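> Have a look at this one before I ask anything.
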Amino acid sequence: MENSKPKVAIVSLTSCEGCQFALLDLGERFLDFVSKIEMVDFRLLEDEEDDGGKIDIGIVEGTPITDANIETLKKLRERSKTLVVLGNCAAMGGIPEIKNYQEGKNTIKHVYKYIQGIDNPEVKEVDNFVKVDFIFRGCPINGEEFLKFMPDILAGKIPELPDQAVCVECKARGNRCLLLDNKPCFGPMIQGGCNAPCPTAGMMCQGCRGLRPTANVKATKKMLKAKMTDEEFENTSEIFGLRDDLEAKEKLEK
Amino acid sequence: MEIKINHIAKMEGHAGFMASVLQGDVKSAKIEVQEGMRLIEGILIGRHYKDAPIIAQRICGICPVVHNLTCIKALEKAMDVKVTEETKKLRDVMELAQIIHSHALHLFFLSLADFLDMDNDIKLINTYPEETKKAIRVREFGMSIIKTIGGRVVHPISNEVGGFKKAPNEDELRGIIEKSGSALEDALALGEFFKKIKIPDFSRETEYVALSKKGTYAICDGDIISSKGLNIPVEKFESNFHELQKQNEVVKKVEHNGESYMVGAIARMNLNRDRLNPEAHKYLESLDLTFPDYNPFHNIFFQMVEVIHCIEQAKKIINELLHADLNEVVTKEYKVKEGVGVAAVEAPRGTLYYHIDIDAKGYVKNANIITPTAQFLANLEDDIKEYIPEVMNLDEKIRERKLRAFIRAYDPCISCAVH
């Protein structure tokens with residue numbers, strides 16, 4: 001029997017497409033990856049229409065905002081054995097979700113004069129529409145993590161992330177902990193695997209990768225009270241769609 | 001008859017194309033935007049100014065650097081924050097690097113295959129492995145600069161109002177200087193390769209608009225000038241250029257004096273080419289083009305010229321920085337105050353404009369962002385309206401390919417256009 005390559009599609013919904021660029025930016029290493037698969041749809045590099053048939057892995061980035069986005073997403077789920085999500089927008093709502101925490105659908109009035117006929121839904125993560133098998137977290141994703149886990153996914157296995165805070169990698173990079181300088185940081189409650197680029201560049205972790213399974217939200221929030229106001233905490237948690245997850249987790253901790 | 005392209009691939013964001021032709025007369029030609037709106041300006045309202053550049057840069061995954069920088073510059077204007085010369089220079093280098101890697105991507109991976117009649121980059125890569133490696137190396141040179149200074153390529157981290165959170169590592173900057181020689185060689189070799197491609201002969205007069213500054217090829221700073229004699233400070237941008245929204249449209253197209261106009265590499269080359277660095281200038285001369293140049297396909301050549309220019313310029317500025325005190329880039333204390341600030345920076349695709357209004361506590365009251373693609377979309381449609389008769393009688397498939405090539409030569413970024 002012929003040993004055929006796994007069929008893969010990379011699709012984007014409404015987004016900055018930065019997660020796809022995080023892949024392209026791997027340069028030759030990404031091309032090596034591409035040579036091991038049959039890419040049936042990757043419109044950043046291909047003009048050819050794909051036939052819409054069954055595939056092994058569907059990869060999707062972005063937020064489902066337009067009706068067409070939702071249809072694309074559902075179609076991709078239907079044809080894929082495994083559905084993999086790329087990045088914070090798809091996984092947690094991303095920056096478009098900020099609108100949910102503000103004036104909601106009315107936010108549009110600040111931007112457009114004519115609002116009829118424009119899709120303006122409440123922002124919802126991809127898993128509200130379809131079943132998701134694996135998530136590459138982050139804004140953007142970490143290309144290294146993609147290369148590390150994709151071989152397993154191609155082999156039909158779903159990788160498990162170690163339950164590890166951003167702090168582990170931050171420390172390994174030799175950074176002085178921001179908390180020690182009385183500066184805020186979400187690192188302790190956030191899932192690692194990004195290699196801590198933000199604290200390494202002097203910025204607090206804002207939680208784009210989401211909560212880690214054993215995160216203790218109450219304790220972290222209490223600890224941060226001395227370093228940021230409640231308002232600052234809430235505002236920061238809205239940037240990457242973390243706020244709804246924090247609230248849900250806090251309820252469970254009660 | 002109708003000409004319809006459902007989805008144009010190899011372009012940032014989602015869009016199709018639709019034209020209607022009646023007895024040889026092109027009635028309409030329209031880029032159909034299929035991107036959802038994220039309401040970036042709306043969600044900035046009420047946010048703390050420190051979060052604004054972090055949110056705004058996520059408008060675009062190819063050009064986050066320029067969104068971040070322009071937002072920061074507008075905020076600094078609003079609060080009257082002064083930054084050091086070293087900070088300005090380091091920002092310049094980041095923006096040059098932004099242009100290098102964005103252009104290299106568009107030139108080689110998004111547009112080139114169109115002129116070699118290939119519909120798939122995998123074929124392109126297999127046919128031209130050496131050129132592919134060069135294109136990747138040029139891109140990587142640009143990306144390595146952003147990573148060194150900004151901490152990450154997509155959505156860099158270290159820039160903020162007032163300067164940088166952290167000074168870049170000196171050894172890494174030296175490493176960039178070391179690599180700049182081979183990056184320039186690669187770029188020049190790619191430049192020679194691009195000379196061999198056949199570019200359609202098409203031209204339509206338009207107005208070119210770009211930043212301009214005495215003595216330098218303006219990127220981060222300057223006044224707004226045009227090929228029709230406009231010369232205004234950035235503060236007057238919104239009173240001269242008007243955003244228009246039509247019903248059911250999510251892109252607010254921009255007009256100048258009621259007409260479409262063009263920004264980006266082709267505009268900059270038409271207006272500022274006498275300020276290019278030596279190698280870039282030499283390469284431009286070797287292309288043997290006549291100015292004013294109104295062939296939009298030449299945008300590709302001009303992006304190539306800019307890649308060469310930006311490599312030369314980045315090397316020059318990093319050298320200067322290595323002779324200065326790099327710690328001067330680290331943000332110093334400043335006062336938050338109420339104000340309105342505007343800024344414009346040359347993004348890879350043209351002039352990017354930000355207007356931000358903040359209150360006394362530093363919360364955003366209002367924001368307006370005018371992106372290059374929103375500015376040139378009307379020009380693209382006007383161009384293509386005139387181009388259609390030239391390809392009208394071709395076989396349907398070939399015609400569609402020609403139209404895709406035309407649209408892609410513009411290097412539109414639909415994510416930016418909608419935002």
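The values are calculated or read from the model by the stated rules, or taken from the named source; none is laboratory data. Please read all numbers here as calculations on a predicted model, not as lab measurements. Ideal geometry is used to build each Cβ from the backbone, glycine not excepted, and the neighbour counts take in all protein chains shown.
> Please find, within segment B:145-163, the residue that is surrounded by the fewest Cβ atoms within 10 Å (Cβ to Cβ) out of those that are touching an Asp or Glu at 6+ places or on another chain (Cβ under 9 Å) and farther than 16 Å from residue B:319 by Cα.
Filtering segment B:145-163 for residues that are touching an Asp or Glu at 6+ places or on another chain (Cβ under 9 Å) and farther than 16 Å from residue B:319 by Cα, the one surrounded by the fewest Cβ atoms within 10 Å (Cβ to Cβ) comes out as B:147.
> For residues in segment A:73-89 being within 13 Å of the chain's Cα centre (by Cα) and within 13 Å of another protein chain (Cβ to nearest Cβ), which is surrounded by the fewest Cβ atoms within 10 Å (Cβ to Cβ)?
A:86
> Could you list all residues from segment A:117-136 that are buried (at least 24 other Cβ atoms within 10 Å of the Cβ) and either at the interface with another protein chain (Cβ under 8 Å from one of its Cβ atoms) or closer than 21 Å to residue A:161 by Cα (or both)?
Selection gives A:126, A:136.
> In segment A:234-249, what residues are part of a helix (DSSP H, G or I) and either assigned by TED's automatic domain parsing to the domain that holds residue A:90 or crowded, with 19+ Cβ neighbours inside 10 Å (or both)?
Of everything in segment A:234-249, those that are part of a helix (DSSP H, G or I) and either assigned by TED's automatic domain parsing to the domain that holds residue A:90 or crowded, with 19+ Cβ neighbours inside 10 Å (or both) turn out to be A:235, A:236, A:237, A:238, A:239, A:243, A:245, A:246.
> Still on this structure: Just one of B:123, B:195, B:165 is free of Cβ contacts under 8 Å to residues at least 24 places away in the same chain and of a type in the set (Lys, Arg); which is it?
The unique qualifying residue is B:123.
> Show the residue pairs that are 6+ apart or on different chains and have beta-carbon atoms under 9 Å apart, the first residue being within segment A:90-116 and within 7 Å of chain B (Cβ to nearest Cβ) and under 26 Å from residue A:76 (Cβ atoms), the second being assigned to a loop (DSSP other than H, G, I, E, B) and of a type in the set (Ser, Thr, Tyr).
A:96/A:15
> Only one of (1) of a type in the set (A, V, I, L, M, F, W, C); (2) crowded, with 23+ Cβ neighbours inside 10 Å; (3) within 19 Å of the chain's Cα centre (by Cα) fails for residue A:111. Which number is that?
Evaluating residue A:111 over (1) of a type in the set (A, V, I, L, M, F, W, C); (2) crowded, with 23+ Cβ neighbours inside 10 Å; (3) within 19 Å of the chain's Cα centre (by Cα) leaves (3) as the failure.
> Given the conditions (1) in contact with a helix residue (DSSP H, G or I) (Cβ under 6 Å, 6 or more places away or on another chain); (2) more than 10 Å from chain B (Cβ to nearest Cβ); (3) among the hydroxyl-bearing types (Ser, Thr, Tyr), which single one is not true for residue A:15?
Of the numbered conditions (1) in contact with a helix residue (DSSP H, G or I) (Cβ under 6 Å, 6 or more places away or on another chain); (2) more than 10 Å from chain B (Cβ to nearest Cβ); (3) among the hydroxyl-bearing types (Ser, Thr, Tyr), the odd one out for residue A:15 is (2).
> Further question on the same structure: Is there any pair linking a residue in segment A:31-44 that is free of Cβ contacts under 8 Å to residues at least 40 places away in the same chain to one that is part of a strand (DSSP E or B), with Cβ under 6 Å and at least six apart or on different chains, and which?
A:38/A:7; A:39/A:8; A:40/A:7; A:40/A:9; A:40/A:55; A:41/A:9; A:42/A:10
> Determine, yes or no, whether residue A:180 is in contact with a Cys (Cβ under 9 Å, 6 or more places away or on another chain), of a type outside the set (Phe, Trp, Tyr) and either farther than 21 Å from residue A:123 by Cβ or outside the structural domain of residue A:86 (by TED's automatic domain parsing) (or both).
The answer is no for residue A:180.
> Scan segment A:205-219 for residues that are in contact with a helix residue (DSSP H, G or I) (Cβ under 6 Å, 6 or more places away or on another chain) and either of a type in the set (Gly, Ala, Ser) or not in a helix (DSSP H, G or I) (or both) and jot them down.
Across segment A:205-219, the qualifying residues are A:205, A:206, A:208, A:210, A:211, A:215.
> Taking segment B:14-33 on its own, how many of its residues are in contact with a strand residue (DSSP E or B) (Cβ under 6 Å, 6 or more places away or on another chain) and part of a loop (DSSP other than H, G, I, E, B)?
Residues meeting the conditions: 0.
> Working only within segment B:30-46, note down all residues that are facing chain A (nearest Cβ under 7 Å) and more than 22 Å from the chain's Cα centre (by Cα). Even if it seems obvious, please write down each step before you answer.
Our first condition is that a residue be facing chain A (nearest Cβ under 7 Å); within segment B:30-46, this holds for B:34-39, B:41-43, B:45-46.
B:42, B:43, B:45, B:46, listed by residue number.
> Name the one entry in B:88, B:73 that is surrounded by fewer than 19 Cβ atoms within 10 Å (Cβ to Cβ) and closer than 24 Å to residue B:234 by Cα.
B:88
> Given the criteria in a strand (DSSP E or B), crowded, with 22+ Cβ neighbours inside 10 Å and either acidic (Asp, Glu) or not assigned by TED's automatic domain parsing to the domain that holds residue A:246 (or both), does residue A:60 qualify?
Here the answer is yes, as residue A:60 does meet what is asked.
> Taking the condition of a type outside the set (Gly, Ala, Ser), more than 16 Å from the chain's Cα centre (by Cα) and in a loop (DSSP other than H, G, I, E, B), does residue A:50 pass?
For residue A:50, the condition - of a type outside the set (Gly, Ala, Ser), more than 16 Å from the chain's Cα centre (by Cα) and in a loop (DSSP other than H, G, I, E, B) - is met.
> If the requirement is being more than 26 Å from residue A:140 (Cβ to Cβ), out of contact with any Cys (no Cβ under 6 Å at 6 or more places or on another chain) and either more than 9 Å from chain A (Cβ to nearest Cβ) or at pLDDT 95 or above (or both), which of these qualifies: B:50, B:73, B:27?
B:27
> Inside segment B:327-357, can you point out the residues that are hydrophobic (A, V, I, L, M, F, W, C) and farther than 11 Å from residue B:75 by Cβ?
Passing the criteria: B:329, B:330, B:344, B:345, B:347, B:352.
> Regarding residue A:199, is this residue in a helix (DSSP H, G or I), of a type outside the set (Gly, Ala, Ser) and within 14 Å of chain B (Cβ to nearest Cβ)?
When the stated conditions are applied, residue A:199 passes them.
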